[in-house]
Amino acid sequence: MTYQLICGAEIHVELKTKSKMFCGCQNDPFHAPKPNLYTCPVCLGLPGALPVPNQKAIEDTILLGLALHSQIAKVSKFDRKHYFYPDLPKGYQISQYDQPLCIGGYLDTSFGRVNLTRIHLEEDTAKLQHATVNGQSVSLIDFNRSSVPLMEIVTEPDIKSPEMAKEFLKGLRDIIRALGIADCDMEKGGMRLEANISLTKDGTLPHYKVEVKNINSFRFFANSLDYEFQRQSEILDKGEIPAQETRGYRSTSNLTVSQRTKEDAADYRYFPDPDIPPLIIDSAWVSTIQQRLRKLPNQIITDLVSAGITESAAKIILQDPDMLTFITQVKILDPKSVRTAGNDLANKKIDYHQITPEAYLEAKKSNVQNQISANSQLEPLVRQVLADNPELVAQYRAGKTGILGFFVGAVIKNTGGKADPRTVTELLKKNL
Amino acid sequence: MKAKVIITTDQVKHLAKLAALPLSDDRLKKLVGQIETTFEYVQTLEKTDTTTLDETNQVTGLTNVMREDIIDDSRTFTQEQALQNAKHSHNGYFVVPAIFVAEDN
Amino acid sequence: MLLDKSILELLTGYKNKSIDPVDVINEAYGQIDKYSSKLNTLITVRDKQEVLDFLKTLDSSLPLYGLPYILKDSYATTELRTTCASKILDNYLSPYDATVHKKLKEAGAILIGKGNQDAWGHGASTENSDYGMGKNPWDPTRVVGGSSGGPAAAVATRMCAFAIGEDTGGSIRNPAAWNNISGLRVTYGRVSRYGCVAYASSMDTVGPFGKTAADLAIILKVIAGPDVYDGTSAPHEVPDYNLELTKTPNKLKIGIAPEMFGAGLDQEISNNAQDFASKLAELGHQLIDISLPVAEISDAAYYILAPSETSSNLGRYDGIRYGNTRDLFTQESMRRIMVGTYELSSGYYDAFYRKALKIRTLLIKTFQKAFEQCDVILLPENPIMPPKLGDLISDPLANMLADLYNTPVSLIGSPSLVIPSGFHKNGLPIGVQLVGKKFSESLLLGLGHQYQQVTEWHTRSPQL
């Protein structure tokens, strides 16, 4: 039986705003030196506290929607999603139910288009970790992460293969990074993945889907698709239907295990949060946000390449917003140096967190000057070597270009091994 | 004519679970009757035609109330303040008995 | 008693040194010592010496310098615990102050205690309290009213110069009437809710209790205004309510709806409202017949929205970060949480919650129409006189009906002033309700003040 893979993804991204989603606490859970340092009545869920939404988080989400061709809601609001869990201080999460900020949208891959269902904004939960205290098995809770702004991106079940999944996720991450709204560092929990996977024989959407959680990298995402394809095929071959459930991905053994049966939509009792007035998003506001739409990854690569940087170097620079900032400044200060700077960056020859573009350019200039003064000493040496070997010079000029290497070696030997081979070569060529 | 509202014990048990309310059998029994009374009362709304009406969930008429993305130190608690009312804390964390949770996040 | 004097008289006395704020504070504590335990008025009392020491640090030119006040125990205070009258928060000490408390402190007033209430705001009698049933100082065998029963009784028995209550479905208005004091439910959003334990977020209001409308105006001026920590707080400028009081309202149109004076209303209360209306006519105002067919539907809609919102707001009490566990909710609170959970659950949301939101729209339109014909609407406050202790709490239906004249106003967010308007033949006080358009507090206070210049109901205090 041949089956087709049908997969939708649910991606949560922590926005890197300065402050949290509904209060002014610092948004830096991963680097906090101690637990429960960045809390206040609001994110700790104290009696009497009230939420006020972070404007930048809202605009960052709309920005992503614009970059992904979503429709931006004209009216949006926040809703309360109720369930009890120790990491949820209010007993409800402020999220968005039926009027998300962004509707639809898409991202193209070489395997085809992945359509988006929606992008919405909500608050993150606190962090739970297991421990044993006084011989007792306990969960420790840290609210530094509580109420950090979280974007949720939901795709249609358009992902058809593990390769397509990887390309889609990488593309999505690159865009988010290029927009400067999130770091998407999976190790720090800045980007979390979930897959909804089912198989079909004839292309119609089956009546079941398996949710896979605990996926910590794009590779593991792809792996889980492979595993599920195998597992679900075997069940379907037997004439049975895979159980509608939630499974967890285990990276060590590269498989998924059943966690709990996914009931038809837990009763979250959504209702509009009465503490937060609705959002009216008019075209004037959207235009302001649109101005922030920086060039997207492909465009950035094209720009860098046309400035003389190799495509592979450009791709490396694209991954690192600080490198990108560095090269952009070099371009402004001294366009002629962009090519060298770009290659130096990609080859990790620049300590770009410590050195400014100006300082880098200064150092490069004095090196060149040293080169020139070195050259003034070198050139007589070069001429000497050529003068000492007239027959070889004649052979070179007759077409035996390989002899150049001999000349280079000879010159360098005469400098005690100190001369720069490239400079020597150029000087030789100049004199030949 | 008002229909008699019947709430079953199972329904009440389910609601209690959703609301995380531990209920003794005694309280459960009493609640069934009390909830029924409430629903008979609110059912009077059925008589009123609301088909042409919009919903009002905000009487303020306000929209777009947001805050600037700046850190507000004036409200941030020290770790001690955050923990001051917790029954159980350990090394700066709040503590609860172990929850069995598969390694999410 | 010194505390029989108006706030203005006290402040003037402090300024010209004819009254010593220490004496006023001592008198307040005297009343607390004598009556608070007997009547279950206050849940927590602040240490007197701490208060007197604090008084010494205050700048005497502050607008509310030295005035002792009581807060309903649903306001976050860093000085005293906040229990909300529930054992769940028996040991809860808030690490932050509610905005209303902060503003009063900045104005020089001094918190001396937290008032008893129906737990979480659930009730109209202060019987649903884990700290003893609140007793009416006019007749301690009867309920004090609620849910802000404690603060109201505290003003009536001169335990403070003023108090702050909280009104969701009548919780300031009801006890104001049953204790013979003045109470103001403000326009929704007029005073910041930050730090006020939420009951029904879309209807909760923070408001003052005092002996007179003039007292209320002074307090309102301090506590009203926008707050960046409360997204629903009104951005509207705060008028000088004191100044506004001096502008005597002239030839107002007072709307009276026959539907609201029908069955279920105690005959004497009904007659009393008529007398009140006549008095307003004497003062030169015009009585207008209006239509307000709202009582039943608004009460029913309220009893969908309020339980729904409270079931949500009480979700944070899980005993982990603070407080005790959820098995400690009272029967009445559990009923409301369960009802609310049911109303919001899938399959019922449309039939209940959505329907109630539409009823709200209907009510807004109905009142808008009525206000086209009048400036102020006169309503009864309570349909009955205060029942004997134990009667109301055991009858959920009666409990709900007690809010009949309050819930319409709560749902639409309009302001409402309750002032004393006379006495029942059984010796208990009666109050009346004046409802205005949004942000018409000045008008209501002015009208109340005008009435209080020519009557003396409000000067009477209970014989204890």
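The values are calculated or read from the model by the stated rules, or taken from the named source; none is laboratory data. Owing to the predicted nature of the structure, the values given are computational and were not obtained by experimental measurement. FYI the Cβ positions are ideal-geometry reconstructions off the backbone, even for glycines, and counts take in every protein chain you see.
Of the residues C:94, C:74, C:36, C:18, which is farther than 25 Å from residue C:143 by Cα, of a type in the set (S, T, N, Q) and surrounded by 20 or more Cβ atoms within 10 Å (Cβ to Cβ)? Only one candidate qualifies: C:94.
None of C:404, C:392 is in a loop (DSSP other than H, G, I, E, B) and within 16 Å of residue C:301 (Cα to Cα) except C:404. Just the residues that are part of a helix (DSSP H, G or I) and either touching a helix residue (DSSP H, G or I) at 6+ places or on another chain (Cβ under 6 Å) or β-branched (Val, Ile, Thr) (or both), please, taken from region A:171-199. Listed by number, the residues that qualify are A:174, A:175, A:176, A:178. Filtered by the rule that a residue be closer than 11 Å to residue A:198 by Cβ and either part of a loop (DSSP other than H, G, I, E, B) or within 14 Å of another protein chain (Cβ to nearest Cβ) (or both), region A:231-251 gives A:241, A:242, A:244. Looking at (1) surrounded by fewer than 19 Cβ atoms within 10 Å (Cβ to Cβ); (2) in contact (Cβ under 8 Å) with a residue 12 or more places away in the chain, which is the one condition that is false for residue C:30? Only one criterion in (1) surrounded by fewer than 19 Cβ atoms within 10 Å (Cβ to Cβ); (2) in contact (Cβ under 8 Å) with a residue 12 or more places away in the chain is unmet by residue C:30, namely (2). Considering only residues in region A:345-369 that are part of a helix (DSSP H, G or I) and free of Cβ contacts under 8 Å to residues at least 12 places away in the same chain, the one that is farthest from residue A:419 (Cα to Cα) turns out to be A:359.
Yes or no, residue by residue, for (1) more than 24 Å from the chain's Cα centre (by Cα); (2) exposed (fewer than 14 other Cβ atoms within 10 Å of the Cβ); (3) modelled with pLDDT of 80 or more:
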residue: A:298; (1), (2), (3): no, yes, no
residue: A:342; (1), (2), (3): no, no, yes
residue: A:348; (1), (2), (3): no, yes, yes
residue: A:403; (1), (2), (3): yes, no, yes
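Can you find, within region C:370-383, the residue that is nearest to residue B:23 (Cα to Cα) among those that are in contact with a Leu (Cβ under 9 Å, 6 or more places away or on another chain) and either among the basic types (Lys, Arg) or not in a loop (DSSP other than H, G, I, E, B) (or both)? Going through the qualifying residues, I end up with C:380. The residue that is modelled with the highest pLDDT, counting only those in region C:271-323 that are hydroxyl-bearing (Ser, Thr, Tyr) and under 27 Å from residue C:261 (Cα atoms), is C:278. Checked against (1) under 26 Å from residue C:173 (Cβ atoms); (2) in a helix (DSSP H, G or I), residue C:50 passes all but condition (1). Does residue A:317 count as in contact (Cβ under 8 Å) with a residue 40 or more places away in the chain, in a helix (DSSP H, G or I) and buried (at least 19 other Cβ atoms within 10 Å of the Cβ)? So residue A:317 fails the test. Among the residues in region C:323-338, are any closer than 21 Å to residue C:199 by Cα, touching a Ser or Thr at 6+ places or on another chain (Cβ under 9 Å) and facing chain A (nearest Cβ under 9 Å)? Yes, that holds for at least one residue. When A:182, A:131 are checked against the criterion of being touching a residue at least 60 places away in the same chain (Cβ under 8 Å) and out of contact with any Cys (no Cβ under 7 Å at 6 or more places or on another chain), a single residue qualifies: A:182.
When you scan region C:343-363, do you find a residue that is surrounded by fewer than 19 Cβ atoms within 10 Å (Cβ to Cβ), more than 14 Å from chain B (Cβ to nearest Cβ), more than 30 Å from residue B:27 (Cα to Cα) and without any contact (Cβ under 8 Å) to a residue 40 or more places away in the chain, even just one? The answer is no; no qualifying residue exists.
Which ones in region C:350-381 are in contact with a Pro (Cβ under 9 Å, 6 or more places away or on another chain) and within 23 Å of residue C:419 (Cα to Cα)? Matches in region C:350-381: C:367, C:375, C:376, C:379. Specify the residue that is surrounded by the most Cβ atoms within 10 Å (Cβ to Cβ); the eligible residues are those in region A:200-230 that are part of a strand (DSSP E or B) and within 14 Å of another protein chain (Cβ to nearest Cβ). Ranking the qualifying residues of region A:200-230, first place goes to A:212. Within region A:32-80, can you find the residues that are basic (Lys, Arg), in contact (Cβ under 8 Å) with a residue 40 or more places away in the chain and assigned to a loop (DSSP other than H, G, I, E, B)? Answer for region A:32-80, where residues must be basic (Lys, Arg), in contact (Cβ under 8 Å) with a residue 40 or more places away in the chain and assigned to a loop (DSSP other than H, G, I, E, B): A:74, A:77.
Scoring residue A:286 on the criteria (1) within 14 Å of another protein chain (Cβ to nearest Cβ); (2) surrounded by fewer than 20 Cβ atoms within 10 Å (Cβ to Cβ); (3) not in a helix (DSSP H, G or I) leaves a single failure, condition (3). Considering only residues in region B:22-48 that are part of a loop (DSSP other than H, G, I, E, B) and more than 7 Å from chain C (Cβ to nearest Cβ), the one that is surrounded by the fewest Cβ atoms within 10 Å (Cβ to Cβ) turns out to be B:24. Given the structure, is residue B:11 more than 8 Å from chain A (Cβ to nearest Cβ), in a helix (DSSP H, G or I), at pLDDT 90 or above and in contact with a Phe, Trp or Tyr (Cβ under 9 Å, 6 or more places away or on another chain)? No: the conditions fail for residue B:11.
Of the candidates C:280, C:314, C:328, the single residue that is touching a helix residue (DSSP H, G or I) at 6+ places or on another chain (Cβ under 9 Å), buried (at least 24 other Cβ atoms within 10 Å of the Cβ) and of a type in the set (A, V, I, L, M, F, W, C) is C:314.
Each residue in region C:84-106 was checked for being outside any helix (DSSP H, G or I) and not hydroxyl-bearing (Ser, Thr, Tyr), and 8 pass.
Just one of the listed residues (A:109, A:17) is in contact (Cβ under 8 Å) with a residue 40 or more places away in the chain, surrounded by fewer than 24 Cβ atoms within 10 Å (Cβ to Cβ) and within 9 Å of another protein chain (Cβ to nearest Cβ), namely A:17. Please determine whether any residue of region A:112-120 is more than 25 Å from residue A:300 (Cα to Cα), in the same structural domain as residue A:57 (by TED's automatic domain parsing), in contact with a strand residue (DSSP E or B) (Cβ under 9 Å, 6 or more places away or on another chain) and not charged (D, E, K, R). Yes, region A:112-120 contains a residue that is more than 25 Å from residue A:300 (Cα to Cα), in the same structural domain as residue A:57 (by TED's automatic domain parsing), in contact with a strand residue (DSSP E or B) (Cβ under 9 Å, 6 or more places away or on another chain) and not charged (D, E, K, R). None of B:60, B:51 is among the hydroxyl-bearing types (Ser, Thr, Tyr), assigned to a loop (DSSP other than H, G, I, E, B) and either within 14 Å of chain A (Cβ to nearest Cβ) or touching a His at 6+ places or on another chain (Cβ under 9 Å) (or both) except B:60. Of all the numbered requirements in (1) surrounded by fewer than 22 Cβ atoms within 10 Å (Cβ to Cβ); (2) within 11 Å of chain C (Cβ to nearest Cβ), residue A:92 misses one, and that requirement is (1). Only one of the numbered conditions (1) under 23 Å from residue A:100 (Cα atoms); (2) free of Cβ contacts under 8 Å to residues at least 40 places away in the same chain; (3) among the small types (Gly, Ala, Ser) is violated by residue A:266, and that is (2). Restricting attention to region B:63-86, the residues being within 7 Å of another protein chain (Cβ to nearest Cβ) and not in a helix (DSSP H, G or I) number 15.
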